Structures are given as structure tokens and as C-alpha cells.
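One structure below.
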Amino acid sequence: MKPNFIFIGPDKSGSSWLYNIFKAHPEIFVPEIKDIYFFDRYYDRGIDWYFSFFEAAPKECKAVGELSHDYLFSAEAAKRIRKDLPDVKIFTVLRNPVEKIWSHYLFLIRSGITKKPFEIAINEIPELIEKSLYYPNLKVYYDLFEPHQIGVFLFDDLKKDSRKFAKDIFDFLGVSYIDNLPYEEKVLPASKPRSFLVAKIVKTGANIFRQIGLETVVGKVKSNKTVQKLLYKPYKKKPKMSEETKQKLKEIFRNDIEKTSKLVNLDLSMWYR
């Protein structure tokens, strides 16, 4: 069984919510681990290793695939997907980059990667900006795949109406809309580590487990709600970005937003207005 769809990213745009919905859908199969990272990080393990993640897919499943949120930012991954799965459907969920970069920053705190103020972190951690730029990365996929193979969806629509958002993606994947799935359930809401050091150790351990081929273990731990409650706690008052910083970021991203709008044929001007 080969995948016939791949979510290519980006991160912090509803991929964990999608993964849970897909797991509950009877016509969709996804592996026990989200973020296999085959086409960008582990390509040397071979295509048979990759296909092994889909061996358990029931024959009646209409959509078989995976979600790896870093593929969007790897031109090499795009070329490899084109070579190995030329007919696959590719889809992405784009989020207001100013919102996304803030969510990414809070996630780095949660993961024990940084404790520095946002204005310092944004200068010291290049991926905060780099992984919120869409146009140059999406352009690679548009150059390699046919338009009908690419689906572009908006995180704003997920927030507005999760059921319609899911139905639009189901239509793209060619599966039925199922009414009784957990559409209203929040997945990975913003939280902070109970211990910064423990969070850092857990993150390092997860990377080690991936490197030695224990991805499924990582997937089970990440989806275990009890473990998550032990490691993290919700904010009493969720931190917010200052208005001054928000305006600066809008100007930084404006050109990329305008070019992305033209590429995907969607009006995204509300993101910098």
C-alpha cells in the first residue's frame, strides 16, 4: 500500500487536529506516528522502510497518507516525493504568519528549546522567520506537481468552521464526510512545561528515539493525554505579542503574503491589513 496523499506542512497550522480526525475516519489511514520525516531527514533508510508504515492500511481505505510538517521547507523533499510518488496528492494549511510565528515561539518554550524573550529569540533562532515564509517553498511544489494534485487550505477556516474545513479536505482526498468525528476537540492548545529541564530532556529523547528507528514509540507518547498532562500545564493567562512587534512582523511578511496570494489564487491580504 502506497500513500496517495501527504500533508507537507507547515507546523502550528492544525496538523495535530487533522491527524486525530484522520485517525478517526474509517476511509482514511495514517500511521501511528505523525511526522515520519522520510523525504527530508530519513531518506537514506530507503523507500521500503517508508512503505512499511502503511502496511496496516485496510484495503477499503480510500485515502492513505501521512503528515510531516517540514516537507514544505525542503526542496529536496519535494523532488523526492515527485520521483517516488508522482501521482500523490499534496496539501498544505496556511496560517497568518504573524500568528504562526508566535505559536511557534510558544512551542519552542514548551519544548525546552528557549526561554528568551521573543524579540531576542527571533534574532537567534532563524527558523522562526524561515518557517513562516510560504512563497519560495510552495513555489517548488507548484513547479513539480500538477495544479490538481495540490490543495491549499486556510487555518482561518478551521477556526471559523471546523466541520466545513474538514469537509473541504475530505472532498480533496476523495472520502466521505462523517458527522460524528471530534471536530470540536482542541489538540495541543498552548501550554508551558512544568519543568523546562524535563521538557528539554523529553525533546532530546524523542529525537534520539527517531534516530534509532523507534518512531512509533514517540507517536504513542505524544498522543498519550496522561503523559502530556504530567509534562505540561495550560497558561493561566496566555502571553500575547506586543502590538508594536506585530506591526513590524506584518511588514516583514507582507511581500511574501502578496506573492503567495498570487501563487495559490487566494486573497490573503487580511493577514497584513
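The values are calculated or read from the model by the stated rules, or taken from the named source; none is laboratory data. Just so it is clear, the model here is predicted, and its values are computed rather than measured. With ideal geometry, Cβ positions are generated from the backbone for all residues, glycine too; neighbour counts draw on all protein chains shown. Ligands, DNA and RNA are stripped out before the accessible areas are found, and what is left, the full protein with its side chains, is counted by its heavy atoms. Shrake-Rupley method; radii C 1.70, N 1.55, O 1.52, S 1.80 Å.
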* Filter the range 240-271 for residues that are open to solvent by 40 Å² or more (accessible area, probe 1.4 Å) and in a loop (DSSP other than H, G, I, E, B); which is farthest from ILE120 (Cα to Cα)? -> ASN265
* Asked: How do the pairs read when you match residues in the range 112-127 that are farther than 15 Å from SER195 by Cα with residues anywhere that are of a type in the set (A, V, I, L, M) and open to solvent by 30 Å² or more (accessible area, probe 1.4 Å), using Cβ under 8 Å and keeping only pairs 6 or more apart or on different chains?
  -> ILE122/ILE129; ILE125/ILE113
* Structure fact -> Quick count over the range 95-124, residues being open to solvent by 30 Å² or more (accessible area, probe 1.4 Å), in a loop (DSSP other than H, G, I, E, B) and in contact with a Pro (Cβ under 9 Å, 6 or more places away or on another chain), is 1
* Mind checking which residues of the range 132-157 are in a loop (DSSP other than H, G, I, E, B) and either over 12 Å from GLY9 (Cα atoms) or out of contact with any Leu (no Cβ under 8 Å at 6 or more places or on another chain) (or both)? -> SER132, LEU133, PHE145, GLU146
* Out of TYR135, TYR142, report the one residue that is touching a residue at least 40 places away in the same chain (Cβ under 8 Å), within 25 Å of ASN4 (Cα to Cα), out of contact with any strand residue (DSSP E or B) (no Cβ under 9 Å at 6 or more places or on another chain) and open to solvent by 30 Å² or more (accessible area, probe 1.4 Å). => TYR135
* Asked: List pairs: first in the range 246-263 and over 15 Å from LEU154 (Cβ atoms) and in contact (Cβ under 8 Å) with a residue 60 or more places away in the chain, second surrounded by 15 or more Cβ atoms within 10 Å (Cβ to Cβ) and of a type in the set (Phe, Trp, Tyr), Cβ under 6 Å, 6+ apart or cross-chain?
  -> LYS250/TYR272; ASP256/TYR135; LYS259/TYR135
* Yes or no: SER52 farther than 17 Å from SER13 by Cα, assigned to a helix (DSSP H, G or I) and not acidic (Asp, Glu)? -> yes
* **Subset tally (residues that are open to solvent by 40 Å² or more (accessible area, probe 1.4 Å), over 17 Å from the mean Cα position of the chain (by Cα) and in contact (Cβ under 8 Å) with a residue 60 or more places away in the chain) for the range 186-202** => 7
* Would you pick out the residues in the range 166-176 that are without any contact (Cβ under 8 Å) to a residue 24 or more places away in the chain and either farther than 14 Å from GLU27 by Cβ or surrounded by fewer than 14 Cβ atoms within 10 Å (Cβ to Cβ) (or both)? -> ASP168, ASP171
